[in-house]
Amino acid sequence: MNLAPRRPAPAVPLMVPLAAALSVVLALAGCTAQGGGSDSGAETTTQTAPDTATAPDGAQALDGAQAPESRSDQAFVPPYPEPYPEPGPVDPGGEEYDDSPESPFLDVASSPLSTFSADVDTASYSNLRRQVNQGVAPEGVRIEELVNYFDYDYDAPAAGAEHPFSVTTEVARAPWNPEHQLAMVGVQATEALPTSEGNNIVFLLDVSGSMDEPNKLPLLAESFALLVEQLDERDRVSIVTYAGDNRVVADSLPGSEHGVLVDHLRSLRAGGSTGGAAGLTTAYELAEKNFVEGGNNRVILATDGDFNVGPSSPEELTTLVEAERASGVYVSVLGFGMYNLKDSMMESIADHGNGNYAYIDTLAEARKVLVDEFGSTMCVVAQDLKLQVELNPAAVGSYRLIGYDNRRLADEDFGDDTKDAGDVGAGHSVTAFYELVPAGTDGGSDGGLKYSDREVGTSDDFMTVHVRYKSPAGGPSAASTEVEFPVGAAAYTTTPSADFEFASAVAELGLIATDSEYQAQANLDGARTRAAGALGADPYGLRAEFVDLVDAYRAMG
């Protein structure tokens, strides 16, 4: 399967009909292609770092099931009504979220380092969109996932660069507090894919009774059908379903068997309890049995997270995936449905399984995650990526990291290669905002840091961004590499780029939606105005959709 870079698609409304979402099926070309937003018109600082095992052909479905006859030459037509009907009345109190306390302001003199793990999950944004569309007060809002849902026009590292990412920084006035500054740090991964080997993918699909809703199992089947239609003979696909027990529906079928795989998906029916841990174990066994050296070996778990048979707590499940990730098989999680969504469970599995977590509320979102962004979702280019920002007390008095509340690390974890962190895929970007209070008094800290020892230094830098990562080729036990990127006074601008304006508007909505203690003068009108003025090219219509989302949130009162 060849992965092409994302290409323009029509803008999609907030509650997109499925027929419209299916009107464009983008060509997807395994992890082999290379690829390359909006005009900024303002100064930014971008820095690049200094310088098979082959599965048997014709594999058949197991458990005595006869593989359906291939229909790969037939058109892909969804058999379900469009849009999916809303489910009947259900208690919305069944959803589970794990809200971590937000970062406070810290004094640079006593806490000059800020350390956190990269986060490329996007589930929080699409889940917030779903909640607002339903007129429900948002829960489980993680601000970094709102910001990282969108693409930004960061310069990617040049071909052949020593490190697989560049860092872009920009500092401007904080929109919600004119007395403060806002620093944007953007890490852009290379779009060059790390391998030309095939994909070994196990679909682990929840078919328990809780999935028996139109926006769960039927949407799940059509979402994976979008992915299947793009696979080719170099790829291997296995399908495991789980309810009260688990069943292997397909074992290492060629990706070119589109009709067979789609028929398997469309034949799924929901019923029974939910034994997710047993399903995970079976999926890992299949992935390891069919392991492709140098390829993409991954389990994709699709569920509402409502595990109720066997090990079912986040702690038990994360212990399972942590033990398995050393094999080189990673797990990504797709959440479906509403009212009993177990967001905290699914995020935990993805975070500890070296994967990522997305929430699928429409088929358009499925296309974004499984087709448009398959390379960044599946093909890791920088493993265990951590950031440590060293603030300069000569320029900054105090600061706080916005979001990443459950991704914060102890400062000593930065140099500890045994400490797991987020993996970044081809073409992914990671954006973080720091709210800065300019230095107003003298202060210092000891410890041999760059900007201060026992006295404040004379540098006019705002900060230095240290990035540490491992090469995926070395495996989980590889030694990490550290690169640093100073953020000098020239990073400050009175005319922020379109990316800065838009991303800060998204962060501002997050401050309001979480009722942040530090939202100051944050308001929906200001966020909407900045976002609407920073749409840029917006080839997918996602920035315009955000403006509509702000309007919908405002209408909730």
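The values are calculated or read from the model by the stated rules, or taken from the named source; none is laboratory data. All values reported here derive from a predicted model rather than from experimental measurement. Cβ sites come from the backbone with ideal geometry, for glycine too, and all protein chains shown count toward neighbours. We work out accessible area using only protein heavy atoms, side chains counted, and drop any ligands, DNA or RNA first. Shrake-Rupley method; radii C 1.70, N 1.55, O 1.52, S 1.80 Å.
Quick one: Karplus J couplings for region 385-394, per residue in order, coefficients 6.51, -1.76, 1.60, θ = phi - 60°, nearest Hz, x for Gly and Pro?
7, 10, 10, 10, 9, 9, 7, 9, x, 6
Give me the three principal axis extents of region 98-183 from the C-alpha atoms, as integers in angstrom, largest value leading.
46, 39, 26
Mind giving me the FRET efficiency for D263 and D212? R0 is 30 Å, r the Cβ-Cβ distance, nearest 0.05 is fine.
Computed FRET efficiency for D263 and D212 comes out at 0.90.
Using a Cα-Cα cut-off of under 17 Å, which lysines could be cross-linked to K342, ignoring same-chain neighbours fewer than 8 residues away?
Answer for K342, where 17 Å is the Cα cut-off: K216, listed by chain and number.
Sticking with the crude label model, points 7 Å out along Cα→Cβ, report the distance from R173 to A544 in nm, one decimal please.
It works out to 3.1 nm between the two label points.
Quick one: which residues, 5 or more positions from V299 or on another chain, have an amide H under 5 Å from its amide H? H modelled 1.01 Å from N in the peptide plane, none for Pro or chain starts.
V202, Y330, V331, S332
When the Cα atoms of region 259-396 are enclosed in a convex hull and the volume is divided per residue, what value in Å³ results?
Cα convex hull per residue, to the nearest whole number: 181 Å³.
So, counting K/R as plus one and D/E as minus one, what does the shell of residues with Cβ under 13 Å around G276 add up to?
For residues surrounding G276, the net value is -4.
Hey, how many Å between the Cα centroid of region 488-505 and the Cα centroid of region 312-342?
37
Mind checking which lysines have their Cα closer than 18 Å to the Cα of K386? Skip sequence neighbours fewer than 8 apart in that chain.
K419, K470
Semi-axes of the equivalent ellipsoid for region 343-421, please: Cα gyration tensor eigenvalues, times 5, square-rooted, ordered largest first, whole Å.
Equivalent ellipsoid semi-axes, largest first: 30, 16, 13 Å.
Counting other Cβ atoms within 10 Å of each Cβ, which GluC sites (Glu not before Pro) in region 232-298 have at most 14 and sit in a DSSP loop?
E233, E293
Using amide H atoms built in the peptide plane, which far-off residues or other-chain residues are under 5 Å from G422 H to H?
A118, L385
Ignoring ligands, DNA and RNA, how do M211, M556 rank by accessible area with a 1.4 Å probe, largest first?
The most accessible residue leads, giving M556, M211.
For region 158-212, what does the alpha-carbon gyration tensor say about shape, rounded, prolate or oblate, given a ≥ b ≥ c as the root eigenvalues, a/c under 1.5 as rounded, and a/b over b/c as prolate?
Oblate is the answer for region 158-212, as a/c is 1.5 or above yet b/c matches or exceeds a/b.
With each pseudo-label sitting 7 Å past Cα toward Cβ, what's the A161-Q521 distance in nm, one decimal?
Label-label distance for A161 and Q521, simple model: 3.6 nm.
Amide H of V249 versus every other amide H placed in the peptide plane: which residues, excluding those fewer than 5 positions away on the same chain, fall under 5 Å?
I239, V240, T241
Kindly write out, for region 238-247 in residue order, the coupling ³J(HN,Hα) from the Karplus curve 6.51 cos²θ - 1.76 cosθ + 1.60 (θ = phi - 60°), rounded to whole Hz, with x marking Gly and Pro.
10, 10, 10, 10, 9, 9, x, 9, 10, 9
Taking the alpha-carbon centroid of each part, what is the distance from region 524-540 to region 122-182 in angstrom?
First find each Cα centre; the distance between them is then 13 Å.
Enumerate the calculated ³J(HN,Hα) couplings along region 258-263 in order (Karplus 6.51 cos²θ - 1.76 cosθ + 1.60, θ = phi - 60°), each rounded to whole Hz, writing x wherever the residue is Gly or Pro.
Per-residue couplings from phi come out as 4, x, 4, 5, 5, 4 Hz.
Which value, in Å², gives the accessible area per residue of region 125-193 when a 1.4 Å probe is used on the protein heavy atoms?
Normalised by residue count, the accessible surface of region 125-193 is 28 Å².
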